[in-house]
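Working notes, beginning with the structure itself.
The values are calculated or read from the model by the stated rules, or taken from the named source; none is laboratory data. Treat the numbers as computed from the prediction; the structure is a model and nothing was measured. With ideal geometry, Cβ positions are generated from the backbone for all residues, glycine too; neighbour counts draw on all protein chains shown. Each accessible area value is taken on the protein alone, full model and side chains, heavy atoms only, with ligands, DNA and RNA left out. Shrake-Rupley method; radii C 1.70, N 1.55, O 1.52, S 1.80 Å.
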Amino acid sequence: MLLMIPLLGALLSGFICGMLGYYVQRYGVTTLSFTIAHSALAGAAISLVLGFNTTLFTLFFAVASALLIGYLTSKSPIRRELICMGLFSLLNAVAILMLYMSSTNVLSTVQLSTILWGSVLAITCEKIIAIVTIAATFLVYAVIFKPQIDAILFDQKLAEAEGVNVKLHSTILLLFVGSAIAIILRITGGFLVFSLLYNPVASALLLSKRANIQQLISPILGSSVAIAGLFASFMYNLPVGASIALLSSVTLLLSYVSRVTINYMLAQRSVRSKEGIGEAFTVHLNRVLIYQNVSDTVRFITVPAELPTGTGLPSETQRSPINLLDS
Amino acid sequence: MQPIRGEAVRLENVWITYSGAGKPAIRNINLSIPFGVLTLIRGPNGAGKTTLIETCLGLLKPIKGNAYLLGVNTKDERIFEVRRKCSYVPQDFMKPPYEHYTAKKVIEMGLSSNRVITDPLPDYFQYELEFYAKELDVLSLLEKPIGILSGGQQQKVFIVRALIRRPKLLFLDEPFSSLDKESREKVTEIVVNYIKKHRGSSAIIVSHSFSKIEEYADIIVTINDGVITDIRFQR
């Protein structure tokens, strides 16, 4: 029973981060959410020094920064990446300065290490209820506004041209991200919370090219690495945030290796079988130019002796990125 | 200067500069497009045609001057509501092979700006979907993922999506770029008929390669190096 609450907390944290991370990536607001994650850290540092309720103040700070970033990026002529990086530097400086200027009492508290490195002790029933509430509210929002959200996911510029308020929906997404980060911050730590937001979706993007599968895989991976990180933290007495971040990075690396291996195997198979997914077209210096339909890449690989060759390239290659991984 | 009622688009001394660019993409543009006309914008590559069309839609905001779409300044918050009366087929429409949305779903998305999940599709949707899809020879492709369709087929799907919105103003950016001769003529015929059928609707077509549309265009705007060099009224 003692382990149940942290376990449930890790599972839900991973799920909500993986779910929101997918939308963050497809909406193209990764830099914005990164800045919000660090504003939550600054909020937590300020609250610690001033003696406010850390969770509530962090939540307030994250939500306020989400609204500010949403407003600035829609109004300012300056590129939003520059705005975000400027705010990111400022907020990090605020966080560090607040901690530096605080009393020795604050520096020696468990709360400080919780904010910076995360702690399983920070997972409480209240936080689990908060995470469930945020996740449920987001799901309700995503279902009600599915037509607009689908239009944004499919083509943001076209959706905007057709009258979908893309900036409003992006700001709403950032609000959900800000709220989730404010709650999860004390579990994973302020410096590593974004690893749960980005690494699962980055792994999902590598494991599948289909958006609906990515949408499914991302929260599953998020939950899995969060639980595995929690266990690693228990077993080896490590900071829970670093354990989760490390495992999510390992998952990302394994996903990359899997993608490269799958691409290679598919290309090999297509060379051996004329009816495979790709076809061999031209032979040049013992190498064959392969058009690979599934992974949308064009690559050179070694020619087997029995290779049937053709001439010319399909017109589709003109719109495919050229990836010479094996050349 | 107040926008005149009855103008679909009005640009007053408009300058657009992309962030980081040394010189403006378009400069000192003055243009008025009334309702019920077919306008062709032509010019060489890099002349500023797409910038001009995106400025009309309010996707790009002028650094100087004002742009009005259906009488509303594109810097106004109400621009989202106005855009719901417009349709746009972008130049860079191609989707990657793994894009999973079906062609029908993509067309349906065109009606998403006014809908939440509980709102039904309009009564005319199914009829017009079949009509335009049949006319453009994509009826049998509606249930297929958009990503596996060829460039020409995808472009036709986006044209169906634009038309099914029943727009007051139709923006088509290089709509013939991936189409064969027969399809180009079909699209021209459909757009011309659309304007005739939906009285008061306008279409603005950007094209640098196809001359057939010139026969039907009421206004031909020539742009070069970011400046309008000629405006010809044919009717």
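Among rounded, prolate and oblate, which fits segment B:94-166 when a ≥ b ≥ c are the square roots of the eigenvalues of its C-alpha gyration tensor, a/c under 1.5 means rounded, and a/b larger than b/c means prolate? Here segment B:94-166 falls in the oblate category. Shown for chain B is the translational diffusion coefficient from the Stokes-Einstein equation, using the Kirkwood radius over Cα pairs, a temperature of 25 °C and a viscosity of 0.890 mPa s: 134 µm²/s. Placing +1 on each Lys and Arg Cβ and -1 on each Asp and Glu Cβ, with no other charges, gives the protein assembly as shown a dipole about its Cα centre of roughly 560 debye. In vacuum, with every alpha carbon of segment B:1-133 counted as one equal point scatterer, what does the Debye formula give for log10 I(q)/I(0) at q = 0.20, 0.21 Å⁻¹? Two decimals, please. With one equal scatterer per Cα and no solvent, log10 I(q)/I(0) is -1.24, -1.28. Cross-link partners of B:K49 among lysines, defined as those whose alpha carbon lies under 20 angstrom from its own and excluding same-chain residues fewer than eight positions apart: A:K157, B:K23, B:K61, B:K64, B:K212. Solvent-accessible area assigned to carbon and sulfur over segment A:4-260 amounts to 75 percent, based on a 1.4 Å probe. Mean residue ellipticity, 222 nm, helices only, chain B: the sum of -39500 (n - 2.57) across DSSP H runs of n ≥ 4, divided by residue count and rounded to 500, is -8500 deg cm²/dmol.
Two decimals, Cα atoms only, Kirkwood Rh: what is Rg/Rh over the protein assembly as shown? My calculation of the ratio gives 1.02.
For the protein assembly as shown, the antiparallel share of DSSP beta bridges with both residues in that region comes to about 65%. Report the FRET efficiency, 1/(1 + (r/R0)^6), for B:K64 and A:Q268, where r is their Cβ-Cβ distance and R0 is 60 Å, rounded to 0.05. Computed FRET efficiency for B:K64 and A:Q268: 0.55. By its C-alpha gyration tensor, with a ≥ b ≥ c as the square roots of the eigenvalues, how is segment A:170-226 shaped: rounded for a/c under 1.5, else prolate for a/b larger than b/c, else oblate? Since a/c reaches 1.5 but b/c is at least a/b, the shape of segment A:170-226 is classed as oblate. Per the Debye formula on identical point scatterers at the alpha carbon atoms of segment A:52-201, with no solvent, log10 I(q)/I(0) at q = 0.20 Å⁻¹ is -1.40. Tell me the GluC sites (Glu not before Pro) within segment B:1-79 that lie in a loop according to DSSP and have at most 10 other beta-carbon atoms within 10 Å. Passing both the DSSP loop test and the Cβ count: B:E77. How high is the FRET efficiency between B:E81 and B:Y18 when r is their beta carbon distance and R₀ equals 22 Å, given to the nearest 0.05? Working from the Cβ atoms, E equals 0.25.
Distant-in-sequence amide contacts of B:H208, defined by a placed amide H-H separation under 5 Å and a gap of 5 or more residues or a different chain, comprise nothing.
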